[in-house]
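The values are calculated or read from the model by the stated rules, or taken from the named source; none is laboratory data. The structure presented is a predicted model; accordingly, all values stated were derived computationally and were not measured. All Cβ positions, even for glycine, are placed from backbone atoms using ideal geometry, and neighbour counts span all protein chains on display. These area figures cover heavy atoms from the full protein model, side chains too; ligands, DNA and RNA do not enter into them. Shrake-Rupley method; radii C 1.70, N 1.55, O 1.52, S 1.80 Å.
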Amino acid sequence: MRDDIMQQPAALRAAIGYYESSEGAVRLASAPIEQAPILTGMGGSFHAALATAAHFHSLGIPALAVEATE
């Protein structure tokens, strides 16, 4: 589990890098958005969902952050 957590920053940087590339940007722009994405999380991941939803809103993309519970 610790290894998974330690790999997350690099994995996120790689994902961001892909979507900032020409190929990734075209792919992302062509993705159909029929309804607002729902982002979920608990603790730190919920706060990341809140920040991501705010970023989506700044781009004109409606998004919803919902706290996951057990």
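Considering only SER21, ALA10, PRO62, the residue lying farthest towards the positive end of the dipole of the chain is SER21, judged by Cα position with unit charges set on Cβ. Taking amide H atoms as placed 1.01 Å from N in the peptide plane, the amide H of GLY41 lies under 5 Å from those of VAL66, ALA68, each 5 or more residues away in sequence or on another chain.
With all protein chains present, how much of the accessible area of the chain (probe radius 1.4 Å) comes from carbon and sulfur, to the nearest whole percent? Accessible surface attributable to carbon and sulfur in the chain totals 61 percent. With only Cα atoms counted, the chain has Rg and Dmax values of 13.8, 39 Å. Under the simplified labelling scheme, the HIS55-SER30 pair shows an inter-label distance of 2.3 nm, with each label point 7 Å from Cα along Cα→Cβ. Think of a 1.4 Å ball rolled over the protein heavy atoms: the chain then has 82 Å² of accessible area per residue.
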